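One structure is given below, encoded as structure tokens.
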Amino acid sequence: MVELLSGNYAIAEAVRLCDVDFIAAYPITPQTPIYEKISEMVSDGKIRGQMMRAESEHSAMAACISASLTGVRVFTASSSQGIAFMHEMLHFASGNRVPIVMGCVNRVVSSPWAFGSDQTDTLSQRDTGWLQLYCENGQEALDTVIMAYRVAETVFLPVMVIIDGFYTSHFIEPVDIPEKENVDRYLPPKNLPNRFDHRNPAFLQNVVDAFYYSEFKKRQFEDTLRAKDVIVEADRIFGDTFGRSYGIVEAVHLDDAEIGIVTSGAITSCARLSVRNLREKGIKAGLLKIKLFRPFPYEEVVRYLSHLKKVVVIDRNVSVGKGGIFCDELKASMCNLENRPQIYGFIGGLCGEDLPPELIEKITLYVLREEKPPEMPIWIHGTNF
């Protein structure tokens, strides 16, 4: 069934389809419509799970961790300062290996106060041990939440499903809502361990020495790497079941390309048009959309980009004092290759500043004329490019 939905409402529909048992959240722009729609669904009986109205994002994540430890399916959502406020609990969630799914709606982190889209809120949590999946549109967001529960409940790691604030979150688009019985068949049966079962008691958060701490972290690290294969398989089965799949990266016209554009999230839709227009002008441009950020798809990046002469990375985020975060990951992916492309990093679209296809074309043509990339990123802002 196809309906006109915003990205936020698409995520709420996915929560309904997944029979989530417990939702705890705190409203924050631009995530609030997810919270409101789920609350309405609970009130109307469309979602049978319990909804807790927490007094803060920190408390919401603490409640989600506790609920997940009892063996129920859990969801939350947040943005910006709310994700930052959760930071301590995000480590507890991944360390406790709880399969929570969180809808994250990218918004700038203050100060100064602002409300536009910026991926820094989620990317600044990249070392908390959560899997991160970045979505281009509302359809992908709905589908990815469903896939995220299959992945999380297989590897016992929490997952962020991430969309751009005020673009994907509020744009209304046709979204194909899967049939409930098909989602039920796709998801694993609810058979999560109850860590508070008095018949099978277990230690939770016991204090360990340096040896066992390292053992825990090594296991978590290795399982996170293995999660990539689980995500690939979940996406493949989703495609077989519903006729849509996304991959952990998506390559567009890269086989014969001389220059590649790398994006994530909503910017990708504009970049698709840029590649089409450049091809019509005789310029062999291609596109790599990165969906999976943690674990980072190093092998796929090398496979699709290593043969190119030049690569343009457009980051809607910034690691202050270093550069664009996706660009740095790409450079790290290819630093040991004997022959590697020149990588040009651009920071733009911060706070939702527009990055239309024409501007992306202009950036690509500029890079084609340049001989060597600068050490620091190039800022795209206003009319300065």
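Tell me, please, whether a residue that is surrounded by fewer than 20 Cβ atoms within 10 Å (Cβ to Cβ), assigned by TED's automatic domain parsing to the domain that holds Met160 and at positive phi can be found in the stretch 274-286. No, there is no match, as no residue in the stretch 274-286 is surrounded by fewer than 20 Cβ atoms within 10 Å (Cβ to Cβ), assigned by TED's automatic domain parsing to the domain that holds Met160 and at positive phi.
Residues in the stretch 243-256 that are surrounded by fewer than 17 Cβ atoms within 10 Å (Cβ to Cβ) and either hydrophobic (A, V, I, L, M, F, W, C) or at negative phi (or both): Arg244, Asp255, Asp256.
Scanning the stretch 72-89 for residues that are touching a residue at least 40 places away in the same chain (Cβ under 8 Å) and assigned to a helix (DSSP H, G or I) turns up Ser80, Gln81, Gly82, Ile83, Ala84, His87.
Just give me the residues in the stretch 222-278 being among the aliphatic types (A, V, I, L, M) and outside any helix (DSSP H, G or I), in sequence order. Working first, answer last.
Going residue by residue through the stretch 222-278, those that are among the aliphatic types (A, V, I, L, M) are 225, 227, 230-232, 234, 237, 248-249, 251-252, 254, 257, 259, 261-262, 266-267, 271, 273, 275, 278.
The answer is Ile248, Val249, Ala251, Val252, Leu254, Ala257, Ile259, Ile261, Val262, Ala266.
The condition of being among the acidic types (Asp, Glu), farther than 17 Å from Thr144 by Cβ and modelled with pLDDT under 95 holds for only one of Asp197, Asp256, that being Asp197.
Any chance the stretch 42-55 includes a residue that's assigned by TED's automatic domain parsing to the domain that holds Phe216, touching a residue at least 12 places away in the same chain (Cβ under 8 Å), in a helix (DSSP H, G or I) and of a type in the set (D, E, K, R)? The answer is no, given that none of the residues of the stretch 42-55 is assigned by TED's automatic domain parsing to the domain that holds Phe216, touching a residue at least 12 places away in the same chain (Cβ under 8 Å), in a helix (DSSP H, G or I) and of a type in the set (D, E, K, R).
Among the residues of the stretch 172-212, write down those that are of a type in the set (Val, Ile, Thr) and touching a residue at least 24 places away in the same chain (Cβ under 8 Å). Even if it seems obvious, please write down each step before you answer.
Within the stretch 172-212, the subset of a type in the set (Val, Ile, Thr) is 172, 175, 177, 183, 207-208.
Within the stretch 172-212, Ile172, Val175, Ile177, Val183 meet the criteria.
On the stretch given as the stretch 113-125, residues that are surrounded by fewer than 18 Cβ atoms within 10 Å (Cβ to Cβ), farther than 15 Å from Thr29 by Cα and either in contact with a helix residue (DSSP H, G or I) (Cβ under 6 Å, 6 or more places away or on another chain) or at pLDDT below 95 (or both) total 0.
The values are calculated or read from the model by the stated rules, or taken from the named source; none is laboratory data. Only a predicted model underlies this, so the values are computations on that prediction, with no experimental measurement involved. For neighbour counting, all protein chains shown are included, and Cβ atoms are generated from backbone atoms with ideal geometry for every residue, glycine included.
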